[in-house]
1. Multiply the residue gap between ARG59 and THR86 by 0.36 nm, knock off their C-alpha separation, and tell me the result in nm, one decimal place.
2. Taking other Cβ within 10 Å of each residue's Cβ, how do LEU53, LEU34 sort, fewest first?
3. For GLU111, put the label point 7 Å out on the Cα→Cβ axis and report which residues of segment 50-66 keep their amide N under 13 Å from it.
4. Would you pull out the residues with amide H under 5 Å of TRP124's amide H, same chain only if 5 or more places away, H placed 1.01 Å from N?
5. Among CYS76, ALA108, VAL137, flag the residue with its Cα farthest along the positive direction of the charge dipole of segment 66-147, charges on Cβ as +1 for Lys/Arg and -1 for Asp/Glu.
6. I'd like to compare 73-84, 40-51: which one has the highest average count of other Cβ atoms within 10 Å, and what's the full order after that?
7. What FRET efficiency would be calculated for the residue pair ILE129, TYR94, taking the C-beta separation as r and a Förster radius of 41 Å, to the nearest 0.05?
8. With +1 on each Lys and Arg Cβ and -1 on each Asp and Glu Cβ, and nothing else charged, work out how big the dipole of segment 81-132 is about its Cα centre, in Debye to the nearest 20.
Amino acid sequence: MNTAVPEYPQPLNAGRSANMRANRRKDTKPELALRRELHRQGYRYRKDYRLDLADARVRPDIAFTARRVAVFVDGCFWHCCPEHGTQPANNTWYWAPKLKRNVERDRAADEALAAAGWRVVRVWEHESIEGAVAAVVAALASAPSGAGRRAQA
Ligand SMILES: [Zn+2]
């Protein structure tokens, strides 16, 4: 048996562990709230739409395929928000590289999307819905309308 493989770190307590699981889950609350509000305002989009780009495979939380606008709602912990993305003090050997990889993957996705003609909107989970919607709407407004675009009520 290879004992060099590190074990998954033990959570400090059950509450923190549950919190981290919740943070990680897809369809996080801020993401749902943003989708709901965009939908309410008449915007139509795809959720968790997989894009096989030349440089990467990415899955934006919200994708406007005709206008090529990709939206990500980034969790403060997992994506290292400058305001709330403090690194856990325990098990740093585990968390530091993991979180670093997340951020590197984000930047690689941004670059791959940009190279393929997409606009990328990233909002932090701590941002207000109003601010997030405004950022998405601004990106849509400045994006060239695609040929296959449907009327947006
Ligand atoms: Zn934050």
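1. 7.2 nm
2. Result, fewest neighbours first: LEU53, LEU34.
3. 55-56
4. Correct list: ASP74.
5. So the residue we want is ALA108.
6. 73-84, 40-51
7. 0.80
8. On the way: 7 positive and 8 negative charges, 63 e Å.
Here the size comes out at about 300 debye.
Rule-based calculations on the coordinates, nothing more; no lab input. Values in this document were obtained by computation on a predicted structure and should not be read as measured data. Ideal geometry is used to build each Cβ from the backbone, glycine not excepted, and the neighbour counts take in all protein chains shown.
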